[in-house]
């Protein structure tokens, strides 16, 4: 009888906890430095939760090891609903294969709550480049195998691996030059030290709007709302090509399901608001949302997809 009463009490208290949630500030971990896509989308969500729901969120940037430090900190936090992390494709779907000893298992140690946004990788050249389209690059690369250089923000990044997938799809060979971040890569691209750069839209959009670099294609299945004039790789002759980065909120495994559902419901409402969709769009992203099951299914599929890309590329940790 005692165990039955405890079970009934737990079943009753879970919904009650969700109704009073949150009773204190929520810790939102951002596993990258301020200013990047993950940070921008995290702060956009945090601001809306504060403004519309009066929730208090403390945004904590914990960069390091390709996002691993921040994800690991979240995975090891108390599963009480007061720690969230903004994960993304690289640290959840790429790093488990890229790093030989990852301190967390994205499927066992974390609970996917809700997808927030997706953003394509963009292939850009400097404003003086002779390449006006992806077709120009492919033709030149086939005429001069291994002589055209392509920069990325680093080995094993989604930008690097998207470029590897593109090379295989187009049957061309480029020289990959990994950098430690977007800023030095863009500087060398504009200076003519490298021919191409694969980048997140949010990292390159300022230089694109300033006319210092030119976009050739985006890697997503459809065009970026922020750059509707830029064709997709699929439209450029490679039907079915689709490689982008997604961002989503997760909580430590064991977080009460009622709280997970509450956060999912509230964030989905916010992602339907025109002002938040426009804010995400201005940074080159597209608002997503959806169920926890949708996020989990995408994570499982991308662990296989990007794991295979890592193995085929031979990428090593910088």
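The values are calculated or read from the model by the stated rules, or taken from the named source; none is laboratory data. All values reported here derive from a predicted model rather than from experimental measurement. Heads up, the Cβs are rebuilt from the backbone with ideal geometry, glycines too, and the neighbour counts pull from every protein chain shown.
Structure notes:
- Of the residues screened, residue 67 is one that is in contact with a strand residue (DSSP E or B) (Cβ under 8 Å, 6 or more places away or on another chain) and within 25 Å of residue 94 (Cβ to Cβ).
- Contacts under 7 angstrom Cβ, first residue in segment 125-148 being on the phi > 0 side of the Ramachandran plot, partner not in a helix (DSSP H, G or I), 6 or more apart: 146/173; 146/175
- Residue in segment 18-26 that is over 16 Å from the mean Cα position of the chain (by Cα), part of a helix (DSSP H, G or I), at pLDDT below 85 and surrounded by fewer than 17 Cβ atoms within 10 Å (Cβ to Cβ) present: yes
- Residue selected from segment 180-197 under the condition part of a loop (DSSP other than H, G, I, E, B) and free of Cβ contacts under 8 Å to residues at least 60 places away in the same chain, by the criterion nearest to residue 158 (Cα to Cα): 181
- Qualifying residue in segment 183-192 (condition: touching a strand residue (DSSP E or B) at 6+ places or on another chain (Cβ under 7 Å) and exposed (fewer than 14 other Cβ atoms within 10 Å of the Cβ)): yes
- Test: residue in segment 295-313 that is in contact (Cβ under 8 Å) with a residue 24 or more places away in the chain and not in a helix (DSSP H, G or I): no
- Residue within segment 65-76 that is within 14 Å of residue 267 (Cβ to Cβ), at pLDDT below 95 and crowded, with 23+ Cβ neighbours inside 10 Å present: no
- The one condition from (1) modelled with pLDDT of 90 or more; (2) farther than 25 Å from residue 155 by Cβ; (3) in contact with a helix residue (DSSP H, G or I) (Cβ under 9 Å, 6 or more places away or on another chain) that residue 219 does not meet is (2).
- All of (1) touching a helix residue (DSSP H, G or I) at 6+ places or on another chain (Cβ under 8 Å); (2) modelled with pLDDT of 95 or more hold for residue 286 with one exception: (2).
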